[in-house]
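Read-outs throughout are calculated quantities, based only on the coordinates presented, and are distinct from any laboratory measurement. All values derive from a computational prediction rather than experimental measurement.
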Amino acid sequence: MKSMDGAAVFKALADENRVDIVRFIARHPGVTASALLDRLDIAQSTLSHHMKVLLSAGIVVCKRKGKWTHYSINIETVDRIERFVGALRPARPAKSHRARPMGEVAETETTVIRMNEQDIEAEDLEGVAAEE
C-alpha cells in the first residue's frame, strides 16, 4: 500500500459513522443509499459526504443499475489493508527447543490466556483471583 493510499484509507476509517457504513455494506453487499439511510440516523447530505470519502479512499465501490447506485466493499483494498497491518507485527523470536517439564515457563516467556478474543497476561489475572 502506498503511504498516501494508506493515509487516505485510515483517515476515512477514523470516523465512527463511516465505520458503521462500511460494516453495514460488508454485511449487505449491493446495498443502496436509501437502505443505508433507513439503517443509519444521518441526513442524506451527510451520507453523501461519507460515501464520497469512502469511494475516494477506495474502500467502497459502486455500480449503477438503472436509477439506483449499489455499494460494495472493495476487496482489493481490504487485502492491502490486511497485508499492511500484518507487516506491522514484530517478528517472533525462534522458540527454544530445550525440553522443559510440563508447566515450567522460562523467565523470558509470558503466559497468555485467551478470553473473549483479548490477550490477558497471567500477572493481570492474579489481582482478579485475589478480588474473588
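Brief remarks on what is shown
- Tensor-based shape of the stretch 1-48 (alpha-carbon gyration tensor, a/c under 1.5 rounded, otherwise prolate or oblate): prolate
- Rounded, prolate or oblate (a/c below 1.5 giving rounded, otherwise prolate when a/b exceeds b/c) for the stretch 1-82 by Cα gyration tensor: prolate
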